[in-house]
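Structure first, then comments.
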Amino acid sequence: MRIAVASGKGGTGKTTVATSLALSLDTTRTMVLDCDVEAPNAHLFLNPTFERRKEVGILIPQVDGGRCSFCGRCAEVCQFHAIAVIGQNILVFPELCHGCGSCTLNCPEQAISEQLDVLGILEAGPTPTGVYFARGVMKVGEPMAVPIIRELKKWDIEGRGTSLASQDEAYDWETIILDAPPGTSCPVVESVHGADFAVLVTEPTPFGLHDLRLMVEVLHKLDIPAGVIINRDGTGNVEVDQFCAEADLPVLMRIPLDRSIGAGIAQGKPLVAIRPEYTDQFRDLYRRILDILQKAGP
């Protein structure tokens, strides 16, 4: 089962939930993918040993001036204006290129080849608890996170069929937990796409409610069922609970605002290490998700 842990708002505790959920399950059959490639931090709680590494990027056009007829066809088909023909000059703008390959396919002179523009790296390895971990790390200053997240989900780690490229593709892990980036933009959509269920972590504040609404709209369009965890419960207001009731969103767990929890997380401790009683609560949460999906049917 693929569970995405997401939230429209940053700082709500997505990584806290994702890592503790993983540690509460059968760790030898569980994998965590840290899809927050701009600021990955799940490794701080799981302490993996990275054994595999792979550069990832997009293919950028390279024009052979000796073969080019300067017809301008490449510029015509580029939707992102990443290539321009000015007189007898071809200008390529890598920061605008999405690596779609249209210019290469449409060049009548076959004057365009492609070279890899590295956007970041993928890393993977085991953790001391048995959970397998993989993450993407985007190079500082790069503008696009989506290609890295897409390749992370496609990466066939150890030949165990871990690719999430297709919903119908089999894999050997019982549970794959995707720790999504904050917000509701393209990187989030790519992260949650293909998930069987989404756990939305929020907080009982006006900002938390506003961004929770946005994330629910995204999941509705993607047809992904969801439930909510309310973090820092007992503070703020009751409007998040009211919204969940109106939207028929089950509240799967409540985590109180507690100084000892905050201090432990600041030290890099998972929630289930700070409060071992949450192990059973996360297992119950997992069973509730299975029950929700079973009732929903195929």
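We did not get these values from a lab; they are worked out from the coordinates using the rules stated. Keep in mind that this is a model prediction, so the values were computed, not measured. Cβ coordinates were reconstructed from backbone atoms using ideal geometry, including for glycine residues, and neighbour counts include every protein chain displayed.
Please give the contour-minus-distance gain from Gln79 to Thr28: 0.36 nm per residue of separation, less the Cα-Cα distance, rounded to one decimal in nm. Write down the numbers at each step before the final one.
Values: separation 51, 0.36 × 51 = 18.36 nm, distance 4.48 nm.
In short, 13.9 nm is gained.
Note the angle between two axes, namely the Cα long axis of helix 14-24 and the longest principal axis of the Cα atoms of the chain, as a number of degrees from 0 to 90, rounded to the nearest 10.
Relative to the chain, helix 14-24 is tipped by roughly 70 degrees.
List the relative contact order of the chain as a percent without decimals, with contacts defined as Cα pairs under 8 Å and 6+ residues apart. Could you put the intermediate results ahead of the total?
Details: 600 pairs, mean separation 78.2, N = 298.
The value is 26 percent.
Excluding Leu290 itself, what net charge comes from residues whose Cβ is under 14 Å from its Cβ, given Lys and Arg +1 and Asp and Glu -1? Show your work: numbers first, answer last.
Numbers: positive: Arg2, Arg283, Arg287, Arg288, Lys295; negative: Asp26, Glu174, Asp196, Asp284, Asp291.
With Lys, Arg at +1 and Asp, Glu at -1, the neighbours total 0.
Which label belongs to the value computed from this structure, given these candidates for semi-axes √(5λ) of the Cα gyration tensor in Å: [x] 40, 21, 18; [y] 25, 23, 19; [z] 40, 38, 17?
Correct label is [x].
Only counting other Cβ atoms within 10 Å, I'd like Val189, Val228 sorted with the fewest neighbours first. Walk me through the intermediate numbers first.
Details: Val189 18, Val228 25.
By the 10 Å Cβ count, ascending: Val189, Val228.
To the nearest 10 degrees, how steeply does helix 206-222 sit against the main Cα axis of the chain, on a 0 to 90 scale?
Around 60 degrees separate the two axes.
In the neighborhood of Thr235, defined by Cβ-to-Cβ distances under 12 Å, what is the net charge if each Lys or Arg adds +1 and each Asp or Glu adds -1?
Details: positive: Arg232, Arg254; negative: Glu203, Asp233, Asp258.
Local net charge: -1.
Please give the FRET efficiency for Arg67 paired with His193, using the beta carbon to beta carbon distance and R0 = 45 Å, rounded to the nearest 0.05.
Plugging the Cβ-Cβ distance into 1/(1 + (r/R0)^6) gives 0.70.
If you fit an axis through the alpha-carbon atoms of helix 278-296 and take the longest principal axis of the Cα set of the chain, what angle between them do you get, 0 to 90°, nearest 10?
Once rounded, one gets 70 degrees.
Of Ile255, Gly8, Trp155, which is farthest towards the positive pole of the chain's charge dipole, taken about the Cα centre with +1 and -1 on the beta-carbons of Lys, Arg and Asp, Glu respectively?
Of the candidates, Ile255 comes out farthest on the positive side.
Assigning unit charges at the beta carbon (Lys, Arg +1; Asp, Glu -1) and nothing else, what dipole magnitude in debye, to the nearest 20, does segment 176-240 show about its Cα centre? It would help to have the intermediate numbers written out before the result.
Numbers: 3 positive and 9 negative charges, 16 e Å.
Rounded to the nearest 20 debye, it is 80 debye.
Please compute the modelled spin-label separation between Leu214 and Leu44, points set 7 Å along Cα→Cβ, answer in nm with one decimal.
Placing both labels 7 Å along Cα→Cβ, they lie 2.3 nm apart.
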